[in-house]
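A short worksheet on the structure shown next.
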Amino acid sequence: MNKVVTRFAPSPTGFLHAGNYRTAVFSYLFAKHTGGSFILRIEDTDTARSKKEYEDNIYEALAWLDLRSEKTYRQSEHKARHRELLEKLVAENLAYVSKEEVKNEGDREEVIRFRNPGGLVSFTDLIRGEITTDVTDLGDFVIAKSFDEPVFHFAVVVDDSDEGVTHVVRGEDHISNTPRQIIIQRALHLETPQYAHLPLILSPDRTKLSKRNGARAITDYRDLGFLPDALFNYLSFLGWNPGDDREYLTRDELIEAFDISRVQKGSAIFDETKLLSVNQHWMRQLSDEDFLAKMMDFVNPSLSIDSEMLGKAVSLLKERSKTFGEAREMLSGELSCLFEQPCLDKERLTAKELPSHPRMTVLALEGLLEPLKSLPEGASPEAVKLTIMPVANAEEAKEKGGRGAVLWPLRYALSGQEHSPDPFTLISILGKEESASRIRKAIAILV
Ligand code: GLU
């Protein structure tokens, strides 16, 4: 078999979303699995709708996803070749120039129409099997608006052939275009590539994935702090799986495992919640050093961060964040107490105080100071828990619900936050001196 050549052929007429890039990922994986090559062709023949900012966004997104192409070009660079073959078809009477009335204006404009031979056209789709269409009803369809303005069907056919594309991997929305493109190939005596039409990608509400129902540009995921390999992993599972129970595969494992015959026919759902969990999985696989380095790319420079404390907080960040953007927010949100003194609100501090025990919060907090002293330096959260829980349990014995009356003010005194890690973890990270000092400050507010 000849070397496989696939291509990704986006039109730069808007920001491409995950569904579009899934096509790129499958096309890339298929080529790489067989040691073939992958081409990027920017389909910019629609000059009115193509925009440079969208084209640049495609380059940026593919670079971020590390989807490298052996060759990159714009379709418009092949204008001369398109013209040459249009002229050839017209000269051979396989296409003709037709003067047509422009709607409402009485003017006439020229278009180039393909002489459709009609009849049944069949091709074997690698995912859907044999597909047969009667092309008679298509009539003599337009293949160019002028010799310098080929339409999509014509330009695609010429370029795929010139680039030696062996496999056209594209979205299912193109199935109905394929028979048209095959009859153009036949008229030009070009080889018909193999086709693989990928299932659609839907939003969780089963409507087509689009900007309107929240589809983001792929570069938005970069800006939110996703790992490109996590997104790559997730996209490769939209309509495909390796046939075993693995869910998390590296890029090399995906290339190794990819098998186009395992692509499903039914549509796939793009679920951001699942994507977040895949991202979290890959974030957790990073070494602490790598994790912090990537997170620092997202840190607000005005935040002064104690690097020693950051080293201690990394396991909490890994446990609690699903993107680096979230991790960054935690530094100034629920984990800010590790880097700065909490601001305490008296009302919040006593929020769990029971009416039968007036001033019990002070007592509860005071009761923690002695046990804290007994802790060794660098005690683990488990060791802290073993020391603190008997105090909380003793409260509970006195009054139902009393445990919270100790643990809540303790956690709040340490963190100043509604949501924060548990107090044992906080004490373990802050150290017993700092923890005792925060507890004393809380007591001072109350008395
Ligand atoms: N430019 C077309 C699109 O963006 C893709 C053409 C193709 O893959 O054949 O939908």
Problem set entry | Antiparallel bridges, percent of DSSP beta bridges restricted to the range 140-221 (to nearest 5) | 40
For this session: Identify all aspartates and glutamates with a Cα-Cα distance to Lys294 below 15 Å; exclude those on the same chain that are fewer than 8 residues away in sequence.
Result: Asp223, Asp229, Glu326, Glu329
Exercise. Given charges of +1 on the Cβ of Lys and Arg and -1 on the Cβ of Asp and Glu, with all other atoms neutral, how large is the dipole of the range 288-447 about its Cα centre, in debye to the nearest 20?
Worked result: 540
For this session: Could you state how much accessible area Tyr412 has, in square angstrom rounded to the nearest 10, with a 1.4 Å probe and all protein chains kept in place?
Result: 10
For this session: Any chance you could give the angle, 0 to 90 degrees and rounded to 10, that helix 402-415 forms with the longest Cα principal axis of the chain?
Result: 70
Problem set entry | Angle between the chain longest axis and helix 178-187 axis [Cα atoms, degrees, rounded to 10] | 40
Seminar exercise, completed: Residue-ordered couplings for the range 202-208, obtained by feeding phi - 60° into the Karplus form 6.51 cos²θ - 1.76 cosθ + 1.60 and rounding to whole Hz (Gly and Pro as x), are 10, 6, x, 7, 6, 9, 4
Exercise. Given Met389, Ser428, Pro242, which one lies farthest toward the positive end of the charge dipole of the chain, if we put +1 on the Cβ of every Lys and Arg and -1 on the Cβ of every Asp and Glu?
Worked result: Met389
Exercise. Cα extents of the chain along the three principal axes, largest first, in whole Å?
Worked result: 98, 52, 38
Seminar exercise, completed: Karplus ³J(HN,Hα) for the range 65-82 (6.51 cos²θ - 1.76 cosθ + 1.60, θ = phi - 60°; Hz, whole; x = Gly/Pro) runs 6, 6, 9, 7, 9, 5, 8, 10, 7, 9, 4, 4, 5, 9, 3, 4, 5, 4
Seminar exercise, completed: Descending packing, highest mean Cβ count within 10 Å first, for 364-375, 176-187 is 176-187, 364-375
Exercise. Of Ile183, Ala442, Leu62, which is farthest along the charge dipole of the chain in the positive direction, counting Lys and Arg as +1 and Asp and Glu as -1 at C-beta?
Worked result: Ala442
Seminar exercise, completed: Taking Cα atoms, the helix 152-162 axis meets the longest principal axis of the chain at an angle in degrees (rounded to 10) of 90
Exercise. Rounded to two decimals, what is Rg over Rh for the range 1-159 when you use alpha-carbon atoms and the Kirkwood radius?
Worked result: 1.01
Problem set entry | Dipole axis of the chain (+1 Lys, Arg; -1 Asp, Glu on Cβ), positive-most option in Ala155, Ser11, Leu292 | Leu292
Exercise. Taking a threshold of 26 Å on the Cα-Cα distance, which of the pairs Lys79/Lys99; Lys211/Lys265; Lys274/Lys385; Lys52/Lys79 fall above it?
Worked result: Lys274/Lys385
For this session: Could you work out the relative contact order of the range 214-359, using alpha carbon pairs under 8 angstrom and six or more residues apart, expressed as a whole percent?
Result: 26
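Just from its helices, what would the mean residue ellipticity at 222 nm be for the chain, if runs of 4 or more DSSP H residues each count -39500 (n - 2.57) and the sum is divided by every residue, rounded to the nearest 500 deg cm²/dmol?
-14000 deg cm²/dmol
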Problem set entry | Whole-percent carbon and sulfur share, accessible surface of the range 85-167, 1.4 Å | 46
Exercise. Given Cα pairs under 8 Å that are at least 6 residues apart, what percent is the relative contact order of the chain?
Worked result: 13
Problem set entry | ³J(HN,Hα) computed for each position of the range 271-287 - Karplus, 6.51 cos²θ - 1.76 cosθ + 1.60, integer Hz, glycine/proline x | 10, 5, 5, 5, 4, 4, 6, 5, 5, 4, 4, 6, 5, 5, 6, 6, 5
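The values are calculated or read from the model by the stated rules, or taken from the named source; none is laboratory data. Computed from a predicted model, the values in this text were never measured in an experiment. So basically every Cβ, Gly included, is an ideal-geometry build from the backbone, and we count neighbours across all protein chains shown. Surface areas here come from the heavy atoms of the whole protein model, side chains and all, with no ligands, DNA or RNA. Shrake-Rupley method; radii C 1.70, N 1.55, O 1.52, S 1.80 Å.
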